[in-house]
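Before any comments, here is the structure.
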Amino acid sequence: MPTLADYIAEYIKKRLAESPDGCLEVQRSDLADRFQCTPSQVTYVLSTRFDVRAGFLVESRRGGGGFIRIVKLSLPEQSGLVGELYRHIGSRIGPREAREIVLRLHGEGLISEREARLMIGAVDNRTLRVVDVPWRNAVRAGILKGMLGALLGNGDPRGAGSRGGKDSAG
């Protein structure tokens, strides 16, 4: 059953999709009035569902003429995408962050729903429960990077444009 946060997030995403420039400016109080909630509930939705990992930039100006500007960020060109994702993942990544990356890739149409489900399953804490907790986020990062390289790196599991030590000629 959808929560109030779900309804607010869907409304914002719908308005962003209708915007020709992928940008939406609204007042926090207007959203709160529309959904009959407090402005702090709107702030919660913005901070948990519209961050950079999810592909959004949120700017806020407080005061009498204050507003919230939400911008949908575009992914870098696919040729550099794997490298950008590798840098973002780093040597460790938590389950929530890993899931957000996968869901964004699916939302952008870069991976199928089936691929997204498989990836999320592979990096889930239930799957990685056999790995000791201190190592779990490092193992998750390695698995996620391997899958991203295989799916987005033109078949090379090490990433786009990666070449092994062997010459491919001949």
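Computed from the coordinates by the stated procedures, all read-outs in this text should not be read as laboratory data. It should be emphasised that the depicted structure is a prediction, and the values quoted were computed from it without experimental measurement. No Cβ is skipped: glycine too gets one built from the backbone with ideal geometry, and neighbour counts run over all protein chains shown.
Starting from the Kirkwood radius over alpha-carbon pairs of the stretch 78-152, derive D by Stokes-Einstein at 37 °C in a medium of 0.692 mPa s and give it in µm² s⁻¹.
268 µm²/s
Any idea what diffusion coefficient the stretch 4-72 gets from Stokes-Einstein, in µm²/s, Kirkwood Rh on alpha carbon pairs, 37 °C, 0.692 mPa s?
Rounded to a whole number, D works out at 274 µm²/s.
Say each of R69 and C23 gets a label point 7 Å from the Cα, pointing the same way as Cα to Cβ; how far apart are those two points in nm?
Modelled inter-label distance: 0.5 nm.
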